[in-house]
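Reading through the structure tokens given below for one structure.
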Amino acid sequence: MEALSALLLVLGAAFMLLGAVGLARYPDVYMRMQATSKASTLGVALMMLGVACQSGSWPVAGKALLIVAFFFLTSPVAAYVIARAAYFKGTPLWEGTTLDELKPRREALREDGDA
């Protein structure tokens, strides 16, 4: 159980590091949000599972699993809401972006706001 716990903790830390690298390397806010939300969610989940394995206690394992469930429910939703707010505020997309499916909706909202 000790080796499994260590492996889960190291993998969790590695995913969090990859999220930080994505935050530093990606060109726009939308890609950065995607990298950090997905990598940190998986990193926290792996680390909490490692803590649950390491503790050997049911109450601690239960709390760790509740933390994982909380992160799985809140992190993607928060990233979505922040990215959507940034988009409708007018934060520019990366110049290499080829598809913008929300552009007609954003323009319609701007026209309604001007009227």
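The values are calculated or read from the model by the stated rules, or taken from the named source; none is laboratory data. Every value quoted in this text rests on a predicted model; they were computed, and no experiment measured them. Quick reminder, even Gly has a Cβ in these numbers, built from the backbone with ideal geometry, and neighbours come from all protein chains shown. Accessible surface areas use protein heavy atoms only, side chains included; no ligands, DNA or RNA. Shrake-Rupley method; radii C 1.70, N 1.55, O 1.52, S 1.80 Å.
Would you mind getting me the FRET efficiency between ALA108 and ALA24? Use the beta-carbon distance for r and R0 = 30 Å, nearest 0.05.
The calculated FRET efficiency here is 0.30.
Lysines near LYS38 by alpha-carbon distance under 22 Å, same-chain residues fewer than 8 away left out - which ones?
Partners found: LYS63.
Per residue, what accessible area does the chain have, given a 1.4 Å probe and all protein chains present, in Å²?
Heavy-atom accessible area per residue stands at 69 Å².
Please report, as a whole percent, how much of the solvent-accessible surface of the chain comes from carbon and sulfur atoms (probe radius 1.4 Å).
Taking all protein chains in place, the chain shows 70 percent carbon and sulfur surface.
Using the basic label-point model (7 angstrom from Cα toward the beta carbon), what is the VAL81 to TRP58 distance in nanometres?
3.5 nm
In the calculated pair distance distribution of the stretch 53-99, what percentage of Cα-Cα distances lie above 15 Å? Mind showing how you got there, number by number?
Values: 702 of 1081 pairs.
When all Cα pairs of the stretch 53-99 are counted, 65 percent exceed 15 Å.
Using Cα pairs under 8 angstrom and six or more residues apart, how large is the relative contact order of the chain, in percent?
Here the relative contact order equals 27 percent.
Could you pull out every whole DSSP H run in the chain that spans at least 15 Å of Cα extent along its own axis and averages 0.0 or higher on the Kyte-Doolittle scale?
Helices passing the filter in the chain: 2-25, 29-55, 58-89.
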